[in-house]
Amino acid sequence: MSHNPVRPWRDIERRKSRKIYVGNVPVGGDAPISVQTMTNTLTTDVKATVEQIQRCAEAGADIVRVSVPDAESGKAMKEIVRESPVPLVADIHFHYKRAIEAAEAGAGCLRINPGNIGDEKRVKEVIKAARDHGCSIRIGVNAGSLEKHLLEKYGEPCPDAMVESGMDHIKILEDNEFLNFKISMKASDIFMTAAAYQQLSEQTDAPFHMGITEAGGFVGGTVKSAIGLGSLLWMGIGDTMRVSLSADPVEEVRIGFEILKSLGLRHRGVNIISCPSCARQGFDVIKTVETLEKRLEHIKTPMSLSIIGCVVNGPGEALMTDVGFTGGGAGSGMVYLAGKQSHKMSNDQMIDHIVEQVEKKAEELEAARAAETQAAE
């Protein structure tokens, strides 16, 4: 059955995966696609790390990953977990004891590569710690760190090598009767990443953590991530995601939600629809949108706002948004509410007025949602 009978071409049928939990956040199954990021502070600097996690959580991050490279970081994790408003993923490489310590510290998930933490006995110890502490595991396959025998077999990093690596690691966990895991197939190459996830989707029902790794700086990394992750999400592949940028982790969260919003997969805050501006504009569109993005960051209610410079496309775009403003002449424009013309407003007062209208609409939507919830109970 179509989820959107009026506009079926907007439907995305998500891949069927099993549901696991990272702390209290569901991943896979019918759960919303969660957005993750990773701290870049020294983990031993508890204050700085907690402050960064809190900023990411305020931006909407559902899960945050923290690197645990040494014993001191493992000790710091106890306090970081205690102070964190969201579940944490402990990023583990090579030393199995760090994984055990992180599970004991309360991490919601361990990001490991089962093939590089030691022999079968050590793997079993990590699995036992995860099981004992209600901790999930993420198998992290990366094109830049594939096993030597796979590189010799395939000659270079490629989708087949990544999938074989992933399935080998899945077998390790399944042989130990541990199913509380997700898996990622990351490469900096969009084509390799997409092909690997597509191949793997046919071989397992494990939930997928998505990402284009080492994507680059803010602009380049955003574009690469939007293309790579957007294509896979459009195909229904993906259960949780991180946009990897050489930028503030908060920006990774913002871009992650923008990708999901653009596909109608998840909504948070105001979705601003605006024109690029031209000589027809009745006001400075670019500066207006920049200001509104900052002024409306506090709005968490999913809603839409159109800011269009002239009447060519403005009225049509406003028909589809909760609040709209279309440039006109003589220093004023038209305000639209719920798709209909409402009243004129002068350009010099429109920003404050638009913020006021958006806040009012957000309150109405939240009240309606609360009433529906109460009625359902």
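Overview of values
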| quantity | calculated |
| --- | --- |
| Euclidean distance between Cα centres, region 15-75 to region 176-210, Å | 19 |
| Accessible area per residue in Å² at 1.4 Å probe, computed on region 35-127 | 42 |
| Rounded percent of accessible protein surface that carbon and sulfur make up, the chain, 1.4 Å probe | 51 |
| Under 5 Å, built H, 5+ apart or other chain: amide partners of Ile237 | Arg15 |
| Estimated FRET transfer efficiency when R0 is 30 angstrom, pair Leu179-Met320 (beta carbons, to 0.05) | 0.10 |
| Loop trypsin sites (Lys or Arg not before Pro), region 209-312, which have at most 15 other Cβ atoms in a 10 Å radius of their Cβ (DSSP) | Arg280, Lys300 |
| Net charge contributed by nearby residues that have their C-beta within less than 10 Å of Thr49 (K/R +1, D/E -1) | -3 |
| Rg ratio (alpha-carbon, reference 2.2 N^0.38 Å) - region 169-249 | 1.15 |
| Listed residues Thr37, Thr291, Thr49, most fluctuating in the chain (Gaussian network, C-alpha, under 10 Å) | Thr291 |
| Max mean-square fluctuation residue, GNM over the chain, Cα-Cα springs under 10 Å, options Ile127, Ile286, Ile170 | Ile286 |
| Choice from Asp62, Asp284, Asp70 showing the highest fluctuation, given a GNM over the chain with Cα pairs closer than 10 Å | Asp284 |
| Region 69-164: chymotrypsin sites (Phe, Trp or Tyr not before Pro) falling in loop per DSSP and having at most 13 other Cβ within 10 Å | Phe94 |
| Surface accessible to a 1.4 Å probe, per residue, for the residues of region 243-284, Å² | 45 |
| Low-density loop cleavage sites - GluC sites (Glu not before Pro) in region 1-93, where at most 13 other Cβ are within 10 Å (DSSP) | Glu13 |
| Cβ-based net charge around Glu83, under 15 Å, with every Lys or Arg adding one and every Asp or Glu removing one | +1 |
| Electrostatic dipole magnitude of the chain [Cβ: Lys, Arg +1; Asp, Glu -1; Cα centre; debye, to 20] | 340 |
| Gain upon complete extension [Lys294, Ile12; 0.36 nm per residue less C-alpha separation] | 98.4 nm |
| Kirkwood Rh and Cα Rg combined as Rg over Rh, evaluated for the chain | 1.03 |
| Cut-off 14 Å (backbone N to label point 7 Å along Cα→Cβ of Lys148), residues of region 103-127 | 116 |
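The values are calculated or read from the model by the stated rules, or taken from the named source; none is laboratory data. The model shown is predicted, which means the values in this text are computed figures rather than measured ones. Note: ideal-geometry Cβ built from the backbone for every residue, glycine included; neighbour counts use all protein chains shown. Protein only, heavy atoms only, side chains kept; ligands, DNA and RNA dropped before computing areas. Shrake-Rupley method; radii C 1.70, N 1.55, O 1.52, S 1.80 Å.
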